[in-house]
1. Could you tell me whether the range 302-311 includes any residue that is more than 30 Å from Ala225 (Cβ to Cβ), outside any strand (DSSP E or B) and touching a helix residue (DSSP H, G or I) at 6+ places or on another chain (Cβ under 9 Å)?
2. Return yes or no: is Thr11 of a type in the set (Val, Ile, Thr), in contact with a Ser or Thr (Cβ under 9 Å, 6 or more places away or on another chain), assigned by TED's automatic domain parsing to the domain that holds Thr85 and in contact (Cβ under 8 Å) with a residue 60 or more places away in the chain?
3. I'd like to verify a number: residues in the range 216-228 that are closer than 19 Å to Asn247 by Cα and either of a type outside the set (Lys, Arg) or free of Cβ contacts under 8 Å to residues at least 12 places away in the same chain (or both), how many?
4. Considering only residues of the range 227-266 that are buried (at least 18 other Cβ atoms within 10 Å of the Cβ) and among the charged types (D, E, K, R), which is nearest to Gly217 (Cα to Cα)?
5. I'm trying to understand the selection: among the residues of the range 80-127, which are more than 30 Å from Pro64 (Cα to Cα), hydrophobic (A, V, I, L, M, F, W, C) and surrounded by 12 or more Cβ atoms within 10 Å (Cβ to Cβ)?
6. As an exercise: evaluate Trp231 against (1) in contact (Cβ under 8 Å) with a residue 24 or more places away in the chain; (2) closer than 18 Å to Lys154 by Cβ; (3) of a type outside the set (D, E, K, R) and give the number of the one condition it does not meet.
7. Is there any pair linking a residue in the range 116-142 that is assigned by TED's automatic domain parsing to the domain that holds Ile178 and polar (S, T, N, Q) to one that is part of a loop (DSSP other than H, G, I, E, B) and modelled with pLDDT under 95, with Cβ under 8 Å and at least six apart or on different chains, and which?
Amino acid sequence: MSKSITLQKLTELVGGTLSDGNPESVITGLNSIVEATTGDVTFLGNARYLPALKTTRASVALVPEDLDATQVQEGLALIRHKNPTLAFSYVIRFFCPPATEFVPGVHATATVAADVVFDPQKVSIGPHAVIESGAQLGDGCAIHAGVYIGRNVKLGVCCVIHANAVIKEYCILGERVILHSGSVIGSDGFGYELVQGRHQKIDQVGIVQIDDDVEIGSCTTIDRARFGRTWIGEGCKIDNLVQIGHNCTLGKHCIIVSQTGISGSTRLGRYVTMGGQVGVAGHLEIGDKVMFFAKSGVTKSILEAGAYTGYPARPLMEGRKMLSLPAKIPDLLERVRALEKKLAALEGGTVHS
């Protein structure tokens with residue numbers, strides 16, 4: 001069934017301030033600034049889309065509190081909010097209910113060991129899921145189709161494990177952890193010793209510990225420790241296709257974007273951000289509130305908060321300067337060749353004289 005909400009109720013829902021709009025107007029949907037039509041609510045979460053507020057067909061836009069009303073088209077209602085992107089998430093929840101409804105119980109095709117500790121009336125286990133002996137599932141957990149949960153794994157309350165994710169033996173997940181499809185928690189760390197010309201595997205007997213409110217994207221892998229633990233701190237958000245090596249530690253509320261690789265035994269502080277395709281060497285220390293731009297190569301410990309870029313990663317302005325230098329090489333080569341020709345001409349003139 002479609003939903004609708006008055007502009008006044010929408011303003012109250014997001015906790016904003018209504019300006020330039022009729023409180024009794026009815027809003028029936030949501031969309032982007034470019035694609036919105038009459039009856040839709042949209043939002044301005046990035047300043048680069050500001051010009052689109054002059055042409056959008058939306059009925060109302062969530063905007064920053066200090067936005068100049070002359071920057072939007074006449075007649076567009078505005079709900080001012082200190083964080084329009086966050087406010088729009090409340091709108092999404094109103095208009096778009098969760099894709100999968102929580103239905104407690106164990107599907108007939110699931111395989112659950114007899115000694116698994118859980119309440120079937122408070123846990124949902126989907127088709128063909130496998131849960132091994134000794135596992136513990138907190139109330140409210142949703143285990144989707146094809147999930148594998150190994151021996152003695154512990155899940156806190158309200159975890160969501162999406163289809164075909166894997167949690168290997170002895171790993172520990174806190175409360176409200178979300179694992180997306182294809183992620184693997186607790187695979188062996190990458191450890192070998194060269195013995196008589198052959199790579200000999202080193203046993204990896206530690207665990208992965210994931211604290212409360214962590215979300216891990218599809219096809220991300222987090223290796224178990226060689227001994228001890230690989231530890232993902234509270235509130236970390238990890239994108240798709242990320243690799244975190246054995247014995248790494250991520251402090252609270254880190255953001256790790258797709259295709260980043262963090263080598264073994266590296267320790268991150270709190271609120272560290274890594275853009276896409278960042279590469280981090282092993283056994284390093286990264287301080288609190290350090291930010292690496294996309295494709296940075298981190299080859300040494302960095303403890304001072306701030307933004308870094310380049311390979312090797314340097315403070316932002318220095319790194320950008322270094323990244324710009326290769327583009328100047330063709331021009332420099334032309335100038336060198338021109339100087340060589342002038343020098344050759346001069347030398348030739350001296351010989352003739």
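1. Within the range 302-311, one or more residues are more than 30 Å from Ala225 (Cβ to Cβ), outside any strand (DSSP E or B) and touching a helix residue (DSSP H, G or I) at 6+ places or on another chain (Cβ under 9 Å).
2. Working: of a type in the set (Val, Ile, Thr): yes; in contact with a Ser or Thr (Cβ under 9 Å, 6 or more places away or on another chain): yes; assigned by TED's automatic domain parsing to the domain that holds Thr85: yes; in contact (Cβ under 8 Å) with a residue 60 or more places away in the chain: yes.
For Thr11, the condition - of a type in the set (Val, Ile, Thr), in contact with a Ser or Thr (Cβ under 9 Å, 6 or more places away or on another chain), assigned by TED's automatic domain parsing to the domain that holds Thr85 and in contact (Cβ under 8 Å) with a residue 60 or more places away in the chain - is met.
3. So the count comes out to 8.
4. Top of the filtered list is Asp239.
5. Phe102, Val106, Ala110, Val112, Ala113, Val116, Phe118, Val123, Ile125
6. (1)
7. Within 8 Å, the pairs are Ser124/Phe102; Ser124/Val103.
This table checks each residue for (1) more than 21 Å from the chain's Cα centre (by Cα); (2) closer than 30 Å to Ile238 by Cβ; (3) not hydroxyl-bearing (Ser, Thr, Tyr).
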{"site": "Val280", "(1), (2), (3)": "no, yes, yes"}
{"site": "His283", "(1), (2), (3)": "yes, yes, yes"}
{"site": "Gly306", "(1), (2), (3)": "no, yes, yes"}
{"site": "Gly310", "(1), (2), (3)": "no, yes, yes"}
{"site": "Lys328", "(1), (2), (3)": "yes, no, yes"}
{"site": "Leu332", "(1), (2), (3)": "yes, no, yes"}
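The values are calculated or read from the model by the stated rules, or taken from the named source; none is laboratory data. The structure presented is a predicted model; accordingly, all values stated were derived computationally and were not measured. All Cβ positions, glycine included, derive from the backbone under ideal geometry; neighbour counts span all protein chains shown.
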